[in-house]
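Asks: My structure is below; once you've seen it, I'll send some questions.
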Amino acid sequence: QVQLVESGGGLVQPGESLRLSCVASGSIFRIVAMSWYRQAPGKQRELVAGINSGGAINYADSVKGRVTISRDNTKNSVSLQMNSLKPEDTAVYYCNAYIVSDVGSKFVHDAYWGQGTQVTVSS
């Protein structure tokens, strides 16, 4: 069993910064990739940023230049530094990880989601 736990959401004013963190725990053999998604009210969940085990990174166009994703392989964690936040960044942010788990005598490949953390940008 694998769990993802996010932290760091909150209420900020436009132009301010937030740092989100996500830690994976459980029967982890290898984490292939970790990503952040977000879902605003009435909208579909969308990718914000992702980073794979090789360090390759991709960002949504809407956050490029304002957001930095980083990963700590020793802690099975991923962080999202968000600067110059805008009201349109308001959403529930979800951590996602593609993980190879060691379950008994076999390896299981699966994607996992955190419970989400609310980010609200408002004056």
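The values are calculated or read from the model by the stated rules, or taken from the named source; none is laboratory data. Nothing here was measured: the structure is a model prediction, and the numbers come from that model. Reconstructed Cβ throughout: ideal geometry from the backbone, glycine too, with neighbour counts over all protein chains shown. The area values use the complete protein model at the heavy-atom level, side chains included, leaving out ligands, DNA and RNA. Shrake-Rupley method; radii C 1.70, N 1.55, O 1.52, S 1.80 Å.
Asks: Is at least one residue of the range 104-115 closer than 23 Å to V12 by Cβ and either in contact (Cβ under 8 Å) with a residue 60 or more places away in the chain or not aliphatic (A, V, I, L, M) (or both)?
Replies: yes
Asks: What are the residues in the range 9-29 that are among the small types (G, A, S) and closer than 14 Å to V121 by Cβ, if any?
Replies: Answer for the range 9-29, where residues must be among the small types (G, A, S) and closer than 14 Å to V121 by Cβ: G9, G10, G15, S17.
Asks: Please work out which one of (1) of a type in the set (S, T, N, Q); (2) in contact with a Leu (Cβ under 7 Å, 6 or more places away or on another chain); (3) open to solvent by 60 Å² or more (accessible area, probe 1.4 Å) is the condition Q1 fails and give its number.
Replies: (2)
Asks: So in the range 51-83, with the set limited to residues that are in contact (Cβ under 8 Å) with a residue 40 or more places away in the chain and not in a loop (DSSP other than H, G, I, E, B), which one is nearest to S21 (Cα to Cα)?
Replies: Across the range 51-83, the extreme among qualifying residues is S79.
Asks: Can you confirm whether the range 45-61 contains a residue that is of a type in the set (D, E), in contact with a strand residue (DSSP E or B) (Cβ under 8 Å, 6 or more places away or on another chain) and either surrounded by 16 or more Cβ atoms within 10 Å (Cβ to Cβ) or under 25 Å from G15 (Cβ atoms) (or both)?
Replies: yes
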